[in-house]
Amino acid sequence: MSTPCAAASDPHGAPEPLTIVREAFRRTVRLVSSARLRPPVLEALVSKDETDALAEIEGATSARLIAEERGAEGLDRQELVYGVPYASFINASFAYAKPREPNRFNARRGAWYAALAVETSMREVAWHMTEFLARSGEFRGVVDYAEMFASMAGEFVDLRGTPDDPCLDPDPAIGYPAGNALADTARARGLNGIIYPSVRHRGGTCIVALWPHAVQSVAPGAVYRFTWSESPEPAIERVSD
């Protein structure tokens, strides 16, 4: 079911109509660095008595733990999820944000990006990592990414029928400001997120959840290794189920 509605996406003219759909996705997939799935490296180097001190240090510096305790800029602690499997992964995706380096649909606060197919997630994360390596001046690196499955349901802005929308421009300088304005409008209306055609994988579909509660039933999947060897195109292999 879809419903057109108005949104203030153009500050200089009439609001552009948005298509709002009520939809359920049984399984979406997000790729996260597998380093986040492992215990802290320092735990193997300290005694049991010292682990409490490590936890205190982490609590003072972890954006997620700080947000869970007292919130963060643009994110109320009551928005976060507690007592559900992988709550820390959900909360971390919203607690960590880089206002000076925004993503397509988030800047001041984080978001949960996912896709309907792992191939789409692979193209998306590879593009971002390749851009990072390009800035470093050398296409060399190895990163393991783990699948994180989640279900989503509710009302979403649907951009699948408008691939020429400015927020889907492949140039971040154009697409990201427009995308963040759209995300602000969607959050103000209480919508769960945005469904959109992947910018980096032709034919792929992505979903960004704008609220922690929109991410449900999280579970881990396989691990993939991305290897850059003097080329902007990484070799990808499945290394674990």
Worksheet item: How much net charge surrounds residue 130 when only other residues with a Cβ under 12 Å from its Cβ are counted (Lys, Arg +1; Asp, Glu -1)?
Response: 0
Discussion item. Under 5 Å between amide hydrogens, which residues at least 5 positions from residue 204 or on another chain qualify, with H placed 1.01 Å from N in the peptide plane?
Written reply: 198
Worksheet entry | Karplus-derived HN-Hα couplings along segment 225-241 (A = 6.51, B = -1.76, C = 1.60, θ = phi - 60°), whole Hz, x at Gly and Pro | 9, 9, 10, 9, 10, 6, 9, x, 9, x, 7, 10, 9, 7, 10, 7, 8
Worksheet, complete the sentence: When 160, 30 are ranked with the fewest other C-beta atoms within 10 Å first, the list becomes 160, 30
Worksheet item: Counting only residues 5 or more places away or on other chains, whose amide H sits under 5 Å from the amide H of residue 193 once H atoms are built in the peptide plane?
Response: 157, 210
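Bear in mind that the values in this text are calculations on the coordinates, not laboratory data. These figures come from a predicted structure and were not determined experimentally. We place every Cβ from the backbone using ideal geometry, glycine too, and count neighbours over all the protein chains shown.
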